[in-house]
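Derivation of every value follows stated rules applied to the coordinates shown; laboratory data play no part. Please read all numbers here as calculations on a predicted model, not as lab measurements. Methodologically, a virtual Cβ is constructed for each residue, glycine included, from the backbone with ideal geometry; neighbour enumeration extends over all protein chains shown.
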Amino acid sequence: AQKITQTQPGMFVQEKEAVTLDCTYDTSDPSYGLFWYKQPSSGEMIFLIYQGSYDQQNATEGRYSLNFQKARKSANLVISASQLGDSAMYFCAMRVLNTGNQFYFGTGTSLTVIP
Amino acid sequence: NAGVTQTPKFRVLKTGQSMTLLCAQDMNHEYMYWYRQDPGMGLRLIHYSVGEGTTAKGEVPDGYNVSRLKKQNFLLGLESAAPSQTSVYFCAGGRTGPVTGELFFGEGSRLTVL
């Protein structure tokens, strides 16, 4: 079975500080991709970052980086230098090749940036 | 280039009524998905399609039907709406190939069933 687990329902971070949002995944398929999405209060889903299961290096996109620990099956999102606009829901997702490329989502983490 | 467009954005139904949500994409995506989002439950896959004329069940398909008669459109139908189907519905499109390639989401459709 494929599963994404986000154990932090809510997180707070001081503006300009870094924050880590946790994500663990479960799949027996060797080919998968891991994604993070941001959902601000306006409701749209915004793609942030991607990590492939065969990628040797951790993905980075601007202030976002993905801490990929394959042995632990974790794919934590690190946001550096938090900004007020980072306040949103964050979803971790997994795409698995041998399940018809279905995407599996976690339950999300609500991040609040404190001025 | 509109991306992924959902209509309607908001709808209120009475129990037992039927309706169809339309998802249209102009990104030439082979894969299309319908999710529902409920508080504390993340996004759950209802149905998906890997190409024109094909559909498959996701995690929570009961009470819903879908059709993909044209590549660019993916319809989600509720034949007899129930209060438990009150939710925000998202359509998304994705590319074929390996596991690279993110989903592109529509803006969501908020459905309330009274």
| request: Please build a GNM for chain B, connecting alpha carbons under 10 Å apart, and tell me which residue among B:Val50, B:Val12, B:Val88 fluctuates the most. | output: B:Val12
| Which shape class applies to the stretch A:1-90: rounded if a/c is under 1.5, otherwise prolate when a/b exceeds b/c and oblate if not, where a ≥ b ≥ c are the square roots of the Cα gyration tensor eigenvalues? | prolate
| Fewest to most neighbouring Cβ within 10 Å: what's the order for B:Leu75, A:Leu77, A:Leu84, A:Leu21? | A:Leu84, B:Leu75, A:Leu21, A:Leu77
| task | Enter the mean number of other protein chain beta carbons within 10 Å of the beta carbon of each residue in B:58-67, as an integer. | result | 1
| message | Given points 7 Å out from each Cα along the Cα-Cβ axis, report the A:Phe47 to A:Glu61 separation in nanometres with one decimal. | response | 0.7 nm
| Using 0.36 nm per residue, how much length does the chain from A:Thr7 to A:Ser80 gain when fully extended, once their Cα-Cα distance is taken away? | 24.2 nm
| request: For A:Gln14 and A:Gln69, calculate 0.36 nm times their separation in residues minus their Cα-Cα distance, and state this gained length in nm to one decimal. | output: 17.2 nm
| Using unit Cβ charges (K, R positive; D, E negative) and no other charged atoms, how large, in debye to the nearest 20, is the dipole of the protein assembly as shown about its Cα centre? | 300 debye
| message | At R0 = 25 Å, how high is the FRET efficiency between B:Met41 and A:Asn98 if r is their beta carbon distance? Nearest 0.05 is fine. | response | 0.50
| task | First check a/c for the stretch A:51-114, with a ≥ b ≥ c the square roots of the eigenvalues of its C-alpha gyration tensor; if it is under 1.5, answer rounded, and if not, answer prolate when a/b is larger than b/c or oblate otherwise. | result | oblate
| remark: About its Cα centre, chain A carries a charge dipole, from +1 on Lys and Arg Cβ atoms and -1 on Asp and Glu Cβ atoms, whose size in debye to the nearest 20 is 200 debye
| Potential lengthening between B:Thr15 and B:Arg110 on full extension [0.36 nm per residue; Cα-Cα distance subtracted] | 32.6 nm
| Highest-fluctuation residue, A:Thr60, A:Thr20, A:Thr99 considered, GNM on chain A with Cα pairs under 10 Å | A:Thr99
